[in-house]
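Have a look at the structure below, then the notes.
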């Protein structure tokens, strides 16, 4: 039963948890460092990729999905696919109203002067 023979409890070694914690810290530092650089239209995709990787680490090791039934992993992966689809649809729409946003920002700046 994938590590659930002793009443559904799976003990994760402290070394594994420390490694995952270290990876999460490195990914957080990477996020902060990359925020200082501009990659044009890829800024959001890079940030979302790092955030997804961090969420995957948390789900696999801290939520014990790695040792759970494979069906739960499939459900988790399907939810990630749907999140990417929804974000993709939102990003398709962002370029259609950028001119209006810039005009509104200019109007607000002119009103403050």
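The values are calculated or read from the model by the stated rules, or taken from the named source; none is laboratory data. From a predicted model like this one, the values you see are computed outputs, not experimental measurements. When we count neighbours, we look across all protein chains shown, and the Cβ atoms used for this are built from the backbone with ideal geometry, even at glycine.
Run residue 73 past the list (1) out of contact with any helix residue (DSSP H, G or I) (no Cβ under 7 Å at 6 or more places or on another chain); (2) modelled with pLDDT under 85; (3) surrounded by 10 or more Cβ atoms within 10 Å (Cβ to Cβ) and report the number of the one that doesn't hold.
Condition (1) is where residue 73 drops out.
Looking at the range 103-113 only, could you name the residues that are at pLDDT below 80 and either touching a strand residue (DSSP E or B) at 6+ places or on another chain (Cβ under 6 Å) or assigned to a helix (DSSP H, G or I) (or both)? Spell out the reasoning first.
Filtering the range 103-113 for residues at pLDDT below 80 gives 112-113.
Selection gives 112 alone.
I'd like to verify a number: residues in the range 86-110 that are within 19 Å of residue 46 (Cβ to Cβ) and without any contact (Cβ under 8 Å) to a residue 24 or more places away in the chain, how many? Show your work before the answer.
So the first thing to find is which residues in the range 86-110 are within 19 Å of residue 46 (Cβ to Cβ), and the list is 86-88, 90-92, 94-95.
Those still in the list that are without any contact (Cβ under 8 Å) to a residue 24 or more places away in the chain too: 86, 88, 90, 92, 94-95.
So the answer is 6.
I'd like to check something: does the range 33-50 contain any residue that is farther than 30 Å from residue 95 by Cα, surrounded by 14 or more Cβ atoms within 10 Å (Cβ to Cβ) and in contact with a helix residue (DSSP H, G or I) (Cβ under 7 Å, 6 or more places away or on another chain)? Reasoning before the result, please.
Restricting attention to the range 33-50, the residues satisfying the condition of being farther than 30 Å from residue 95 by Cα are none.
No: the range 33-50 contains no residue that is farther than 30 Å from residue 95 by Cα, surrounded by 14 or more Cβ atoms within 10 Å (Cβ to Cβ) and in contact with a helix residue (DSSP H, G or I) (Cβ under 7 Å, 6 or more places away or on another chain).
Give me a count of the residues in the range 23-69 that are more than 17 Å from the chain's Cα centre (by Cα), without any contact (Cβ under 8 Å) to a residue 40 or more places away in the chain and more than 20 Å from residue 84 (Cα to Cα).
Residues flagged as more than 17 Å from the chain's Cα centre (by Cα), without any contact (Cβ under 8 Å) to a residue 40 or more places away in the chain and more than 20 Å from residue 84 (Cα to Cα) within the range 23-69 amount to 4.
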